[in-house]
Amino acid sequence: MESVYEVAFYHEHVLVKEPGTDKETPWHHDQSYYPIDGEKVCSIWMPVDPVPSDTCVQFIAGSHKWGWFEPIKFETERPYQIIDKENDGKVYQKVPDVAANKDKYSILHWDVQAYLLIRVKAEADRPPDSPRQSRFLTYYPDLNTRSPITTESR
Ligand SMILES: O=C(O)CCC(=O)C(=O)O
């Protein structure tokens, strides 16, 4: 494993799901939504409320090797337009329909998770009447990594 000597803290965000939030976070990877790129960009996800571990975020084992996925707006499920200023030729696939084919994937979850942004994940089966706040801390090791910009399509 390669060592990393400098790590930059990129940001923190808090996600609040109130009781009655019935829209699930769809399968996606975070990498396509971030203006930073690289194999070692990672986040730590942790619930702030006490929640059963089977309602924590779930990940697909090995999906960090699947490449890049089209970013979509979760609310409408419409794709964002990608402005690739660096023109680095990334190919953005549609995320496979994991929800309909769960038996085909090895799905993992823990109650606190450190993960690469390129790994595919989604919200696990949270009952819509149970609140859940979660916190993400994101770090990246290479200060020169930049990624295409996404804007919402009309
Ligand atoms: O339900 C969650 O906490 C996961 C949300 C998520 O995957 C995201 O906001 O990128």
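Taking H placed 1.01 Å from N in the peptide plane, check which residues at least 5 places from Gln133 or on another chain put their amide H under 5 Å from its amide H.
Here Lys17, Val48, Asp49 satisfy the definition.
Under 5 Å between amide H atoms, partner at least 5 residues away or on a different chain: which partners does Ile36 have, H built in plane at 1.01 Å?
Here the answer is Ser147, since their amide H atoms fall under 5 Å of that of Ile36.
So who's got an amide H within less than 5 Å of the one on Ile72, skipping anything under 5 residues away but keeping other chains? H placed 1.01 Å off N, in plane.
Tyr80
Once Lys and Arg get +1 and Asp and Glu get -1 on their Cβ, which of Trp27, Phe59, His13 lies farthest toward the positive end of the dipole of the chain?
Trp27
Per the Kirkwood definition applied to all pairs of different Cα atoms, how many angstroms is the hydrodynamic radius of the chain?
Every distinct Cα pair counted, the radius reaches 16.5 Å.
Given N residues in the range 86-144, what is Rg(Cα) / (2.2 N^0.38 Å)?
1.50
Could you work out the longest stretch of the chain that avoids the chymotrypsin sites (Phe, Trp or Tyr not before Pro) located in DSSP loops with at most 14 other Cβ atoms within 10 Å?
Here the longest segment lacking exposed loop sites spans 6-73.
Apply the Karplus curve 6.51 cos²θ - 1.76 cosθ + 1.60, θ = phi - 60°, to the phi angles in the range 109-117 and return the couplings in whole Hz, x for Gly and Pro.
8, 9, 7, 10, 9, 10, 9, 6, 5
Over every pair of different alpha-carbon atoms in the range 1-69, take the mean of 1/r and invert it; report that Kirkwood radius in Å.
Value: 15.1 Å, from the Cα pair sum.
Could you list the GluC sites (Glu not before Pro) in the range 3-49 that lie in coil according to DSSP, counting only those with at most 13 other Cβ atoms within 10 Å of their Cβ?
Counting only loop positions with at most 13 other Cβ atoms within 10 Å, the GluC sites (Glu not before Pro) in the range 3-49 are Glu6.
Under the Karplus relation 6.51 cos²θ - 1.76 cosθ + 1.60, θ = phi - 60°, what is the ordered set of whole-Hz ³J(HN,Hα) values for the range 91-97, x standing for Gly and Pro?
10, 9, 8, 7, 5, x, 7
In the range 89-141, which trypsin sites (Lys or Arg not before Pro) fall in coil by DSSP and have 10 or fewer other Cβ atoms within 10 Å?
The qualifying sites are Lys94.
Each value in this text was obtained by applying a stated rule to the coordinates, not by laboratory testing. Small disclaimer: the values here were computed from a predicted structure and weren't measured. So basically every Cβ, Gly included, is an ideal-geometry build from the backbone, and we count neighbours across all protein chains shown.
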